[in-house]
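Comments concern the structure below.
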Amino acid sequence: AVTWVLAGGCLAAFVGPEVSQATKGLFGDDGDDGDDDITNFTYMGTFVVAGGFFILQAICVGLVGFPPIKRTKQNDAAESKESTSDEILDTEETAVGESMHMDSEPTTIGVS
């Protein structure tokens, strides 16, 4: 799986800029007639192709056959149990107390 991800990233590193250059000006170049707000379509082709790549990616992911989620009794019990914030705090205090051995004598360091 890691190999496929790295290969896709390397492929995109080369294909992306090439596609951008190839589609620049696809819908027309800069409008040098003074009305740039309406006629500036230089990079519109790049955005349209990027949207096409997104649609292609969504179709590919939709075609992947993921295995169904297996339900277990443990998962069902964990989902059905409702814990309150007091229960969570009690659990954390117990865990901290046990890990720090709070019942032992404090250690003092003498300064001479």
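The numbers here are math on the coordinates, done by the rules we state, and not lab data. This one's a predicted model, so the numbers in the text were calculated from it and none came from an experiment.
Please compute the length gained on full extension between residue 53 and residue 66, using 0.36 nm multiplied by the number of residues separating them and subtracting their Cα-Cα distance.
Taking 0.36 nm per residue and subtracting the Cα distance, the gain is 2.5 nm.
State the extension gain, in nm to one decimal, for the chain segment bounded by residue 7 and residue 26, taking 0.36 nm per residue of separation less the distance between their alpha-carbons.
That pair, residue 7 and residue 26, stretches by 4.0 nm at full extension.
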